[in-house]
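The block underneath contains the structure these notes are about, expressed in structure tokens.
The values are calculated or read from the model by the stated rules, or taken from the named source; none is laboratory data. These figures come from a predicted structure and were not determined experimentally. For neighbour counting, all protein chains shown are included, and Cβ atoms are generated from backbone atoms with ideal geometry for every residue, glycine included.
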Amino acid sequence: MAKPTVLVTRHLPDGVEARLAGMFDARLNNADEPWSGNGAEILRRVAESGATGLLCAAGDALNAQTIGALPEHLRIIATFSVGTDHIDLEAARSRGIVVTNTPDVLSFATAEIAFTLMLMAARRAGEGERLVRAGGWTGWAPTQLMGMTLEGKTLGVLGFGRIGRELAQMARGMRMAVHYRNRSRVAPELEQGAVYHDNDEGFLAAIDVLSMHIPGGAATAKWLNAERLALMKAGAMVVNTGRGTTVDDAALVAALRSGHIAAAGLDVYDGEPRVYSGYLPLENVALLPHLGSATVETRQAMGERCIENLAALLIEGRTPPHCVG
Ligand code: DGY
């Protein structure tokens, strides 16, 4: 039997590409960047290849118009991400196209980056690194680059899913208290003593560090706005490893400039790879290039998830294990 054709939009780790090539008629791509013209180019290549499967990634814009124009032969979109805000799920559903993602396997790695950013922000590590590299360090000084210790502080996790809960676990190791805000309260065994808040006001007033783990999309757009920032304690910090669209950049920059928010750590940006220009001159913000899931182990595991999903539908004829929408 002929192998199903799968169009792959990005260059993936070698081990993942080798497995794809073994199991499918895989049309691999060695570009790390999204194709120019993105949606239109994806459409063209799906049509040209006759692909029944599309393996895409965050940043590949599959909006309602693009999905509406996909050829009939395309049966599954397997995204190499846990986030699906780049895919119009409703449009895919109405076209009968299955969408799958890669949950669980990136939770620890993404929490590690949230933790890294929390420490960078609290301990002014980026500032210190820049000072040394610029040759501006004149020696140890009692008052130089004093940050905030995390021990005894309260971490506020916005979105207490798998990633948020991994971060909570790490924070307990730093002897931090954990509070969380979520659509609903989670089971006690998942809470592990974390304090649930059913409203933003109480949550934001109680915490010293806000770590954001909510999905992108219209419902969460600019969630962290001027009003919510004003509810936070003076001198609190903000970390975002979820989606950049959930932050009102102008409002956060204003709060960082005034000192109301002491520091921030960001891994994701609205319109990335463009970064809101207001952040660039600020010393009190650590900026990373969307590294959440970027470990060798995690990227391999994400690839395995994609392969599992594609094979389930296209080879075994069953519902893929990680369907979304
Ligand atoms: C995800 O998996 O959603 C990460 O943000 C990488 O895209």
Pairs only if they're at least six apart or on different chains, beta carbon under 7 angstrom, first in region 286-315 and within 14 Å of the ligand (Cβ to nearest atom), second among the hydroxyl-bearing types (Ser, Thr, Tyr) and in a loop (DSSP other than H, G, I, E, B); list them, first residue then second.
GLY292/THR241; ARG299/SER293; MET302/THR102; MET302/SER293; ARG305/THR102; CYS306/THR102
Are there helices (runs of 4 or more DSSP H) fully within region 1-93 with at least 2 residues that are of a type in the set (S, T, N, Q)? List them.
38-49, 64-68
Expected single match for more than 16 Å from the ligand (Cβ to nearest atom) and free of Cβ contacts under 8 Å to residues at least 24 places away in the same chain among GLU48, GLU33, GLU90 is GLU48
ALA58 vs. criteria touching a strand residue (DSSP E or B) at 6+ places or on another chain (Cβ under 8 Å) and not aromatic (Phe, Trp, Tyr):
yes
Can you find even one residue in region 174-189 that is at pLDDT 95 or above, surrounded by 14 or more Cβ atoms within 10 Å (Cβ to Cβ) and assigned to a helix (DSSP H, G or I)?
no
Considering only region 240-257, I want to know if a residue exists there that is away from the ligand (no atom under 15 Å from the Cβ) and either of a type in the set (Lys, Arg) or within 16 Å of the chain's Cα centre (by Cα) (or both).
yes
Residue that is among the hydrophobic types (A, V, I, L, M, F, W, C) and away from the ligand (no atom under 16 Å from the Cβ), where the choices are LEU55, LEU70
LEU70
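Condition check ((1) closer than 19 Å to LEU266 by Cα; (2) among the β-branched types (Val, Ile, Thr); (3) under 15 Å from the mean Cα position of the chain (by Cα)) across all residues:
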residue	(1), (2), (3)
THR79	no, yes, yes
ILE87	no, yes, yes
THR100	no, yes, no
TRP137	no, no, no
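If only one of GLY156, GLY126, GLY147 is away from the ligand (no atom under 16 Å from the Cβ), surrounded by fewer than 20 Cβ atoms within 10 Å (Cβ to Cβ), assigned by TED's automatic domain parsing to the domain that holds ARG228 and not in a helix (DSSP H, G or I), which one is it?
GLY147
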Single unsatisfied condition, GLY271 versus (1) surrounded by 20 or more Cβ atoms within 10 Å (Cβ to Cβ); (2) farther than 17 Å from ASP200 by Cβ
(1)
Please pick out the residue among ALA58, ALA51, ALA114, ALA92 that is among the aliphatic types (A, V, I, L, M) and over 21 Å from GLU308 (Cα atoms).
ALA114
Across region 215-237, the tally of residues that are out of contact with any Leu (no Cβ under 6 Å at 6 or more places or on another chain), aliphatic (A, V, I, L, M) and surrounded by fewer than 19 Cβ atoms within 10 Å (Cβ to Cβ) stands at 6
Mind checking which pairs have a first residue in region 63-78 that is closer than 19 Å to CYS323 by Cα and in contact (Cβ under 8 Å) with a residue 60 or more places away in the chain and a second that is polar (S, T, N, Q) and in a loop (DSSP other than H, G, I, E, B), Cβ under 7 Å, 6 or more apart or different chains?
ARG75/THR52
